[in-house]
Amino acid sequence: MSAVKYCANAVHAEPIRVAIMAREPLREAGVVEALRASPDFALQQFVAGRRSDVIVADLQGRFRETIPTLRLAHHEHGTVTVAVMDEAAEVGVQAAMEAGVVSVLHPSDASRGRLLSAVQQAAGTTPRNNATLSADLTRQFCRLRDVGAAGRPRPELSEREIVLLGHLAAGLDTAQIAKVMDISQRTAKYILWCVMQRFSLRNRVHAVAFAIRAGLL
């Protein structure tokens, strides 16, 4: 049982019911403290099946396991979700929309002011059509990836590995790369294999995309 104390401090006749979903008590306490400042919110701990207007969900590292619960709340009660998450790689916009997610924030962006604003907008805005919501979430997920990438250390690749990936990005095949780099085709394949093994890359296209996202090309 969480030690966090919730307060229904709303002064309006129909307060906005905000359910807090967080795995760790410290994160839960942080969200509660941020939202307690608004007199419009009636805060409560998330309980499956209990009606709420907005869910503030700490989804760091657990989107896939939580999305069925969010989807059920959205379909049964029309509940919308403000998600705080640190990784967007495995999150699809369509899956988020089906779960009622209308706003996503990286933990480093989830200040008191931004969290309050996101919840107020989620509860008070006119429902957006699918195209508008999709565009909004796509933009927010791009922001999520950018913030996450900025906080991650740049992967360490040798100069030769970066050069080889650059040639791959330019569309050269193994034989052409070997000729330009003055190495054997076997060596070129081995260099690429080492990079793919070290960073769990699936194929050449994935390797090039990885290098571009990391700012190496």
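The values are calculated or read from the model by the stated rules, or taken from the named source; none is laboratory data. Keep in mind that what you see is a predicted model, and the values were worked out from it rather than measured. All Cβ positions, glycine included, derive from the backbone under ideal geometry; neighbour counts span all protein chains shown. Ligands, DNA and RNA are stripped out before the accessible areas are found, and what is left, the full protein with its side chains, is counted by its heavy atoms. Shrake-Rupley method; radii C 1.70, N 1.55, O 1.52, S 1.80 Å.
Under 5 Å between amide hydrogens, built in the peptide plane, is the criterion, and for Gln45 it picks out Ile20 among residues at least 5 positions away or on other chains. Output the 0 to 90 degree angle, nearest 10, between the alpha-carbon long axis of helix 25-35 and the longest principal axis computed from the alpha carbons of the chain. Tilt of helix 25-35: around 60 degrees.
For the range 130-217, the carbon plus sulfur part of the accessible surface works out to 53%, probe radius 1.4 Å.
Each helix, a run of at least 4 DSSP H residues, gives -39500 (n - 2.57); summed and divided by the residues of the chain, these come to -16000 deg cm²/dmol at 222 nm.
Amide H contacts of Val101: Thr81, each under 5 Å away and 5 or more positions distant or on a separate chain (H built 1.01 Å from N in the peptide plane; Pro and chain starts excluded). Ranked from largest to smallest solvent-accessible area, with a 1.4 Å probe on the protein heavy atoms, Cys142, Cys194 come out as Cys142, Cys194. Once the GluC sites (Glu not before Pro) in DSSP loops with at most 10 neighbouring Cβ atoms within 10 Å are cut out of the chain, the longest remaining piece is 1-89.
Against the set (i) 51, 39, 27; (ii) 59, 44, 27; (iii) 76, 36, 27, the structure's computed Cα extents along the principal axes in Å falls on (iii).
Per residue, the accessible area of the range 41-83 comes to 43 Å², computed with a 1.4 Å probe over protein heavy atoms only.
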